[in-house]
Amino acid sequence: MSELVARTGRQQQRYEDGYRLIAGCIPFRYRTMKDDDGGTNENIVEVLMINSTGGPGLLFPKGGWENDETAEEAAEREAMEEAGVRGDLVHFLGCYPFKSKTLQDEYSPEGLCRAAMYALHVKEELDSWPEKSHRQRSWLTVGEAIGCCRHAWMREALEKGFSKWYDDGMIHTLPRKGSS
């Protein structure tokens with residue numbers, strides 16, 4: 001069992017204009033690929049997805065943004081709780097609205113959600129994490145991930161947010177930890 005514990009409950013959830021506020025990230029890493037003849041090395045970008053506990057398909061880590069944290073802190077927490085990774089948030093990918101079939105409550109009776117998504121450069125993969133017993137991690141190329149996304153809004157975050165940022169040179173736009 002993990003010594004790390006996932007937050008649960010909705011008492012601290014943030015809402016705005018009838019939307020439940022969500023924070024999440026697209027975790028990524030660089031991997032060096034060697035060609036077949038052992039010559040040229042090529043760096044490729046892989047993204048980390050996790051299995052859905054509610055059906056087929058893969059997801060990016062995400063969850064409720066709570067009153068005692070920033071969206072960035074919530075995205076980092078969800079990456080650790082759901083995917084067992086830590087790293088640096090390097091770029092804000094945008095906000096993506098969606099309708100949840102399972103997250104309807106008194107503050108958002110229609111299940112409306114708005115997810116703030118970030119790019120997370122993975123620095124550490126944990127051996128133990130809060131949701132390890134029911135989550136599996138999969139490293140995929142961006143093209144593979146597009147085909148595996150369970151939710152259209154996550155596919156949009158990958159295609160329009162992450163891929164555009166990748167095409168623009170993956171410039172870090174968020175402050176680095178420890179810098180002022």
Using a Förster distance of 22 Å, how high is the FRET efficiency between Ile146 and Glu124, based on the Cβ-Cβ distance and rounded to 0.05? 0.25
Amide H proximity to Ser100 below 5 Å, modelled H, separation 5+ or other chain, gives Leu112, Cys113
Restricting to lysines and to Cα separations under 29 Å from Lys132, and discarding same-chain partners fewer than 8 apart, the set is Lys62, Lys99, Lys101, Lys123, Lys177
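Looking at region 109-180, which GluC sites (Glu not before Pro) are DSSP coil and have at most 15 other C-beta atoms within 10 Å of their C-beta?
Answer in residue order: Glu110.
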Given 0.36 nm per residue, what is the gain on full extension from Trp139 to Lys99 after removing their alpha carbon distance, in nm? 11.7 nm
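Coordinate-derived values only; no laboratory data. Because the structure is a prediction, the values reported are computed rather than measured. All Cβ positions, even for glycine, are placed from backbone atoms using ideal geometry, and neighbour counts span all protein chains on display.
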